[in-house]
Amino acid sequence: MKILIADDDPQILRALRITLSAKGYEVFTAADGREAISAAVDHGPDLVVLDLGMPQLDGLDVIHAIRGWSRAPILVVSGRAGADDKIEALDAGADDYVTKPFSVGELLARIRALTRRSPHDEAAPVAKLGAVTIDLAAHSVIRESPTGDRQIRLTPTEWQVIEILIRNAGKLVTRQTLLTCIWGTEHAEDTGYLRLYVSQLRKKIEDDPANPAHILTEPGMGYRLLT
């Protein structure tokens, strides 16, 4: 099982890396918020252990970014002990919250509980978009028609875009979340990339690409998928 630890305290990073590695976990570390998002994209962790007070991007920003595409459990480990901080983190998408200082035994117990509740092999969804059926597990896109079903080919990047949207169907997915998850933090402002791929997806999936019914633009914010 892969665990990402994100904390700006090098002693905590080192101690948790040694402890969790000794328990058989594959451990990746990040020292700031931007590194945490990049590591999550690169390694696809089964669980994230995250501090809130980090440089570059705050832990809450990291939670929002990861939740844009991943359902991996997020365990916040923070020195912020106030009830409001805990509520804000949990509302943002964290699954559990441990206050520093903590015991290693408690942390390991929380990790075991989270991984029991959220198995990594949950079924990938199937989305029905009008005459088009997208099966993430089978990696297939089929358009039904009276003359016979037709396979639609998506590029690897188009797959990444549509998968994030499908896994968050009905929800707003911000442009920054999509750009960061697919191209990395250094391209978080390159909205031209995103418009190009969304346009290509609409041409392949929508009945009327000029008036999309499924991949909707939220002006100034991002995109929303309606099934």
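List of remarks:
- Cα gyration tensor shape of segment 1-63, rounded if a/c is under 1.5, else prolate or oblate by comparing a/b with b/c: oblate
- At the listed q of 0.13, 0.15, 0.24 Å⁻¹, the Debye profile of segment 126-225, built from one uniform point per Cα, gives log10 I(q)/I(0) equal to -0.43, -0.57, -1.42.
- Across segment 2-117, C-alpha contacts under 8 Å between residues 6 or more apart give a mean separation that, scaled by the residue count, equals a relative contact order of 22 percent.
- Helix-derived mean residue ellipticity, 222 nm - over the chain, DSSP H n ≥ 4, -39500 (n - 2.57), to 500: -12500 deg cm²/dmol
- Between the alpha-carbon centres of segment 150-211 and segment 53-72 there is a gap of 20 Å.
- Computed lengthening from THR19 to GLN151, 0.36 nm per intervening residue step minus Cα-Cα distance: 42.7 nm
- Stokes-Einstein D in µm²/s, Kirkwood radius over Cα pairs - segment 2-117 at 37 °C with 0.692 mPa s viscosity: 239
- Summed residue charge, Cβ within 11 Å of ALA127's Cβ, Lys/Arg positive, Asp/Glu negative: 0
- Reciprocal of mean inverse Cα separation for the chain (Kirkwood radius, Å): 18.8
- Selected from PRO73, PRO45, PRO55 as most flexible by GNM, with the chain as the system and alpha-carbon contacts under 10 Å: PRO55
- The chain: angle of helix 83-92 to the longest principal axis, Cα-based, in degrees nearest 10: 30
No lab work stands behind these numbers, since they all come straight from the coordinates. These numbers come from a predicted model, not from an experiment. Here Cβ is always computed from backbone atoms with ideal geometry, including for glycine, and neighbour counts include all displayed protein chains.
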